[in-house]
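A.B. asks: Got a structure for you, questions after.
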Amino acid sequence: MRKVIGIGETILDIIFRNEQPHAAVPGGSVFNGLVSLGRLGIPISFISEVGNDRVGDIILKFMQENSISTRYVDRFPDGKSPVSLAFLDEHSNANYIFYKDYPRQRLDVPLPEINEDDIFIFGSYYSLNPALRSRMVEFLNHARERKAIIYYDPNFRKAHAHEAIRLTPTVLENLEYADIVRGSDEDFLNLYGKADTQQVYTEHIQFYCDRFITTHGENGINLYTKTFQEHFDAPHIHPLSTIGAGDNFNAGIIYGLLKYNVRSRELPTLDKATWSQIIQCGIELATEVCQSYDNYISKEFAEAYSKQS
């Protein structure tokens with residue numbers, strides 16, 4: 001059975017609404033999507049790091065409960081597990097404050113088992129961080145050598161927009177590794193100062209990776225490939241929280257690639273009809289996660305969804 005391998009941060013998200021703490025859930029961009037995929041019965045490995053503390057205990061226990069292998073999680077004795085405060089506004093969008101205390105030695109874990117056509121997902125500032133870059137490149141080279149499908153979500157936050165020019169060479173290197181790039185319109189506005197994703201694709205992405213998906217919240221999704229481009233409408237909903245929406249859209253795309261048995265060699269010629277089915281999986285998972293305070297789909301939804309698949 002094909003599996004999904006991800007690398008990224010694990011963090012405890014404390015969610016505030018009306019200035020009061022409402023929930024505390026393990027999170028992290030890649031992590032959120034992997035939890036949903038684990039609940040859908042996909043074999044998952046996650047490369048990450050947590051402190052040897054109570055927060056680290058909560059995160060590792062949660063991973064085990066959601067069928068995510070902890071073999072590639074580095075438990076560092078110095079420093080503390082990261083925590084974020086997520087303040088929801090009146091539109092249920094989050095503003096974050098992060099608290100991090102990492103040791104100097106990071107990601108001291110072995111290379112994961114990867115087979116041809118497994119899917120490797122990476123992204124966010126974690127994939128650009130100079131302190132982690134040499135290890136990140138090791139994992140990416142390993143995934144490429146093993147002929148995995150490599151999925152990149154830049155997830156480039158406003159907090160890093162002032163670093164965009166300095167980080168551009170690393171972003172380009174990430175794009176070169178990628179078989180599929182997915183990001184929100186805000187990511188590319190922060191990264192390139194451009195709101196037109198067609199222009200972003202033509203000027204910044206296509207040369208490195210010609211499969212590009214952009215999400216625009218309630219304004220839907222755009223898909224760009226070498227042979228066609230397509231727009232997909234987003235369903236009209238009243239979200240409780242948009243935390244994890246993009247992460248679960250990624251999970252849905254990955255689930256769709258597995259469900260429709262898309263292999264690495266088939267990606268360059270994948271037709272519009274198959275892409276539409278895959279994008280629909282992304283929309284369904286993202287829509288579901290917006291209707292709860294969790295960062296991932298519920299176990300009940302996962303069970304019903306995998307049955308209908």
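No lab work stands behind these numbers, since they all come straight from the coordinates. Worth saying up front: this structure is predicted, and the values here are computed from it rather than measured. Positions of Cβ are generated from backbone atoms using ideal geometry, with glycine treated the same way; all protein chains shown enter the neighbour counts.
A.B. asks: Just to verify a number: FRET efficiency for A164 and R263, C-beta to C-beta distance, R0 = 25 Å, to 0.05? Could the numbers behind the result be given before it?
C.D. replies: Numbers: r = 34 Å, r/R0 = 1.38.
Efficiency computed from Cβ-Cβ geometry: 0.15.
A.B. asks: Here's a follow-up. Counting other Cβ atoms within 10 Å, keep those with at most 14, restrict to DSSP loop, and tell me which trypsin sites (Lys or Arg not before Pro) in region 233-309 are left.
C.D. replies: Passing sites in region 233-309 are R263.
A.B. asks: Oh, and also: I'd like the FRET efficiency for K147 and Q308, computed as 1/(1 + (r/R0)^6) with the beta carbon distance as r and R0 of 35 Å, rounded to 0.05.
C.D. replies: FRET efficiency, K147 to Q308: 0.70.
A.B. asks: Give the residue list of GluC sites (Glu not before Pro) in region 1-65 that are DSSP loop and have at most 13 other beta-carbon atoms within 10 angstrom.
C.D. replies: Values: sites: E9, E19, E49, E65; in loops: E9, E19.
Passing sites in region 1-65 are E19.
A.B. asks: Using C-alpha positions alone, give me the convex hull volume of region 76-120 per residue in cubic angstrom.
C.D. replies: With only Cα atoms used, region 76-120 gives 114 Å³ per residue.
A.B. asks: Starting from the Cα-Cα distance between Q280 and I58, subtract it from 0.36 nm times their residue separation and give me the gain in nm to one decimal.
C.D. replies: Once the chain is fully extended between Q280 and I58, it gains 76.6 nm.
A.B. asks: Let me ask something else about it. What number, in percent, do you get for the relative contact order of the chain if the mean sequence gap of Cα pairs under 8 Å and at least 6 apart is divided by its residue count? Mind dumping the intermediate values first?
C.D. replies: Details: 610 pairs, mean separation 51.2, N = 309.
RCO, the chain: 17 percent.
A.B. asks: Determine, from the Cβ-Cβ distance of D108 and L172 and an R0 of 25 Å, the FRET efficiency 1/(1 + (r/R0)^6), rounded to the nearest 0.05.
C.D. replies: Efficiency for this residue pair is about 0.35.
A.B. asks: Among S292, S81, S134, rank each residue by its count of other Cβ atoms within 10 Å, from fewest to most, as a rough exposure measure. Intermediate results must be reported in sequence, preceding the final value.
C.D. replies: On the way: S292 17, S81 26, S134 10.
Least crowded to most crowded, the residues run S134, S292, S81.
A.B. asks: Go ahead and collect, in residue order, the members of region 271-309 whose backbone nitrogen is under 20 Å from a label point 7 Å along the Cα-Cβ direction of R2.
C.D. replies: 271-286, 305-309
A.B. asks: Give me Rg/Rg_expected for region 193-263, where Rg uses Cα atoms only and Rg_expected = 2.2 N^0.38 Å with N residues.
C.D. replies: Details: Rg = 13.6 Å, N = 71, 2.2 N^0.38 = 11.1 Å.
So region 193-263 has a normalised radius of gyration of 1.22.
A.B. asks: Would you mind computing the Rg to Rh ratio of region 31-155 from its alpha-carbon coordinates, Kirkwood style for Rh?
C.D. replies: Here Rg/Rh amounts to 0.96.
A.B. asks: Treating only the Cβ atoms of Lys and Arg (+1) and Asp and Glu (-1) as charged, compute the dipole magnitude of the chain about its Cα centre; round to the nearest 20 debye.
C.D. replies: About 640 debye.
A.B. asks: Counting other Cβ atoms within 10 Å of each Cβ, which chymotrypsin sites (Phe, Trp or Tyr not before Pro) in region 259-309 have at most 16 and sit in a DSSP loop?
C.D. replies: Here the chymotrypsin sites (Phe, Trp or Tyr not before Pro) that fit, given the DSSP loop and packing criteria, are Y260.
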